[in-house]
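As structure tokens, the structure follows; a few thoughts come after it.
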Amino acid sequence: METVNKRNFSIIAHVDHGKTTLSDRLLEYTNTVAQRVLEAQHLDSMDLERERGITIKSHPVTLTYPAKDGTTYQLNLADTPGHVDFSYEVSRSLAACEGALLLIDAAQGVEAQTVANAHLAEEQGLTIIPVINKIDLPSADLDLCLQQLEDLLAIPAEDAILASGKTGIGIEDILEAVVTRIPPPRWTDYEATRCLVFDSLYDAYRGAIAFVRVFSGSIKPRDQVLMMSDHTRAEVKEVGVFTPAQKKVDSLEAGDVGYMVCNIKNPADIKVGDTITQNANPAAEMLPGYKEVRPMVFSGIYPVETNDFEKLKASMAKLQLNDAAFSFQAESSVALGFGFRCGFLGLLHMEIIQERIRREYGVDIISTYPSVVYKVQKQNGEEIEVDNPINLPDPSHIETIFEPTIVAHIHVPNDSVGDILALVMEKRGSCERTDTLDGTRLILECILPLNEILVDFNDRLKSITRGYGSMEYELGDYRPAKLVKMDILVNGEPVDAFSSIVHTDKAHTKGGELCTKLADIIPPHLFKIAVQAAIGGKIVARDNVRTMRKDVTAKCYGGDISRKRKLLDKQKEGKRKMKNIGNVSIPPDAFIKVLKND
Ligand code: GTP
């Protein structure tokens, strides 16, 4: 097909504003996928995605649309994830496009990620088509949405298309706008072949598969190509398009979106954001915007059953194949045995990976308290990075500890502003700016330590605002903070899995909470057990586990020794599953209970 008849676009929105539903309607309208095949929702194919209702991976698809002008167009659509943890994926999907549909839920209006995504699209120079979606809802407030478009995004209200992914209203208008408003593929005249890798997938038989947008030139099987970020060479085995299933084609030309299979086995050799060019006639410059994704949140993951270590390792390796942003490395803990230190983009990413290990690979796991990456300036001038509290140097060697911060944009209803500001203060944040969003809401720009928002910030924001608040953040700079390592001692022994890095002002409260919780969870023993929180050897909080003797044979009268033995064996079995810290047994779920939103 001629390049001028191709259009590449993406759909961006705040979480739950209806991207997937609308994409499915577009597929159905253009007969790309028959309705009956459109299972509940076609583009959200991972089970977890369906259950949580969030798009994790972007799924490209090519549609054919005979427009009103009599021309048939090839439309390449990229569905993008909506959550902040995955914003690098959003920006790569956008880099593969010339335009974007910006969806706004008619009942919710513009939210934090609507603004953030619109800015990402503008930065990439994309044409934005605003779509007010879900207009079938009785609670839809069109006037408010149109007003917000103008006030908050500086997009003229008359550009907006009114639609409903549910009923199909506006679908044709959207397709017409895509072909008339979005320009044909850009940068096609460049003298060498350049393809942007915007995603990748691992296939057990074919190896690593790159999802590419061809900007100039073409690629076909047997071409020798070059990955420009690290100069890896490879031979192309197969190219194809997404229908949405992969379909082999002879070649991919400028403006096309498709996949490319090379003789590359290691998925890490294919980097999202990289530029692929022909080895024989290489491009002089990469396509703009490549950046290595770096994990921001770290946590230890351990098998509940020691025997599951190898199984856990294998499942992590498999997960990593399709998720280059997830990293893991073997480590050991005195309390938990052998496991892995894992890196994630954010908390949602972490929860998803943990859930997938449990569900798809059937391994029971325990995770340690999440941590961010601290920069530690030592007395001797050396600077080190610490992502695990147990690696924090002795306080006497530390000059300053720097912690990562975020710049958050929080949208809140006017009546919750006070409570949200109190929450920001509690989390050691500061509010730098407030702007009115409309008559009923404000935008707060806040700087917060990343560490403080890890566990429950979003949940609390949602509960304070009864679901109406939303937030979006980007990473800020590193700032010095008064931080210390807090150890938890059970019966005098430190339990490394519970160590955390805390702010000195919060050490007392947090230590107290942890001790009480843990003392409550550890089953009564025959002797008295103290649970203590300590900072550099100084105890800052303490609690005690109840004492009790549990005689399992008490109810077993008579002299039947075999029955007695059975009961004792059963008790032994129960004990075996506990983690022994010195002579104290801690049930494995104690770690989860304590580590989970304290
Ligand atoms: P993420 O991928 O998590 O960002 O979500 P999404 O934007 O893909 O939203 P999705 O399509 O999953 O829709 C979210 C919810 O809104 C679902 O419960 C849909 O059934 C509902 N929904 C989507 N479109 C419409 C619509 O046009 N009208 C109504 N009434 N409901 C809709």
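With the cut-off at 48 Å, report for the chain the share of all Cα pairs above it, as a whole percent. Don't jump to the answer; show the numbers that get you there.
Working: 38758 of 178503 pairs.
That tail contains 22 percent of the Cα-Cα pairs.
With label points built 7 Å along Cα→Cβ from the Cα atoms of Met548 and Glu426, find their separation and express it in nm.
Going from the Met548 label point to the Glu426 one covers 3.2 nm.
Which of Arg479, Arg222 comes first, and how do the rest follow, when ranked by fewest Cβ neighbours within 10 Å? Provide the component values of the computation, followed by the final result.
Details: Arg479 11, Arg222 7.
In order of increasing Cβ crowding within 10 Å: Arg222, Arg479.
Can you compute log10 of I(q)/I(0) for the stretch 374-481 with the Debye formula, treating each Cα as one identical point scatterer, at q = 0.13, 0.15 Å⁻¹?
Computed log10 I(q)/I(0) values: -0.55, -0.67.
Going by C-beta contacts inside 10 Å, put His231, His411 in order with the fewest on the left.
His231, His411
At q = 0.11, 0.13, 0.19, 0.22 Å⁻¹, what log₁₀ I(q)/I(0) does the stretch 194-278 have when each alpha carbon counts as one equal point scatterer in the Debye sum?
The calculated log intensity ratios at q = 0.11, 0.13, 0.19, 0.22 Å⁻¹ are -0.22, -0.32, -0.72, -1.00.
For the stretch 259-351, what is the convex hull (Cα atoms) projected area averaged across all directions, in square nanometres? Numbers along the way, then the final one.
Values: hull surface 32.7 nm².
Its Cα hull, projected and averaged over all orientations, spans 8.2 nm².
On the principal axes of its Cα set, how long, how wide and how thick is the stretch 298-368? Give whole Å, largest value first.
Largest first, the stretch 298-368 extends 28, 21, 16 Å along its Cα principal axes.
Give the percent of DSSP beta bridges with both residues in the chain that are antiparallel, rounded to the nearest 5.
Bridges in the chain that DSSP calls antiparallel: roughly 85 percent.
If the viscosity is 0.692 mPa s and the temperature 37 °C, what translational diffusion coefficient in µm²/s does Stokes-Einstein give for the stretch 344-391 when Rh comes from Kirkwood over Cα pairs?
Result for D is 253 µm²/s.
Dividing the Cα radius of gyration by the Kirkwood radius, what Rg/Rh value follows for the stretch 423-500?
In the stretch 423-500, Rg relative to Rh is 1.10.
How many nm is it between the label spots at Asp203 and Asp143, if each spot is 7 Å from the Cα in line with the beta carbon?
5.4
Which of Ser164, Ser396 comes first, and how do the rest follow, when ranked by fewest Cβ neighbours within 10 Å?
Details: Ser164 21, Ser396 7.
The most exposed by this proxy come first: Ser396, Ser164.
A short reminder: the numbers here are calculations on the coordinates, not readings from a lab. Quantities reported herein were computed from a predicted structural model and do not represent experimental measurements. A quick note on method: Cβ atoms are made from the backbone with ideal geometry, for glycine too, and the neighbour counts reach across all protein chains shown.
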